[in-house]
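Below is one structure, written out as structure tokens, with a few remarks after it.
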Amino acid sequence: MPPTGRRSLLRSAAGLFGALLLPKLAVAGDDLWTTFQTPAAFLAEAFGAPPAPSVLVLDAAMQAQIGTVFGRAYPQSQLRYWKANGRSAWILDDIGKQGYQITTSGFVVKDHSIDFARVLIYRESRGEQVAEGSWLKKLSGRKLAGTTLDQNVDNISGATLSVKMMQRMAATALVLDTLAKA
């Protein structure tokens, strides 16, 4: 006998949704983003065996300091990071322009400079050249000078907003590293 009642009606509706719509979303989703590296692989690259994560609680003063570099209020009040052997790793999300999709990137900071950077997940239709190793190397060695990086990083034609986003995230990682040491 088929189940009756409200709960089984909801299960049937959920099953129908899953059967009809989710395969289409999955196909469309493949076109919407590219995973270049998982967060776990990024942390393994940075540390070998990653240390346990720490949590940085961002008070109002820290939020204000980050906001000057990030260009707006930082969306989180707590942030996980990993630290070992004089290096810290930060996994950050940002958008290139209001209405765009979030990009997830990882930054390793050592001696107050960017040791290396990786784009982990890129969700936009253009500008993914910022994930290329040859461009990411340009962030290595950069330090914070005021609210920006100490040296300009070459732009990529057609990826201007993505380049600015990566520079902003790199500068934010440097500020976060300083705040985590305080």
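Worth pointing out:
- Measuring max minus min along each principal axis, the C-alpha atoms of the range 37-80 give extents of 34, 19, 13 Å (largest first).
- For Gly141, nonlocal amide neighbours, meaning residues 5 or more places apart or on other chains whose placed amide H falls under 5 Å from its own, are Ile114, Asp115.
- Only lysines eight or more places from Lys143 in sequence, or on another chain, were considered; those with a Cα closer than 27 Å are Lys83, Lys97, Lys110, Lys164, Lys181.
- The range 99-178 and the range 47-77 have Cα centres separated by 16 Å.
- Cα-based Rg of the range 65-123 normalised by 2.2 N^0.38 Å, two decimals: 1.20
- Estimated FRET transfer efficiency (Lys137, Thr34; beta-carbon r; R0 22 Å; 0.05): 0.70
- Label point distance in nm, Ser157-Ser54, each placed 7 Å from Cα along Cα→Cβ: 4.4
No value in this document is a laboratory result; all are computed from the given coordinates. Please read these numbers as outputs of a predicted model, since none were measured by experiment. Here Cβ is always computed from backbone atoms with ideal geometry, including for glycine, and neighbour counts include all displayed protein chains.
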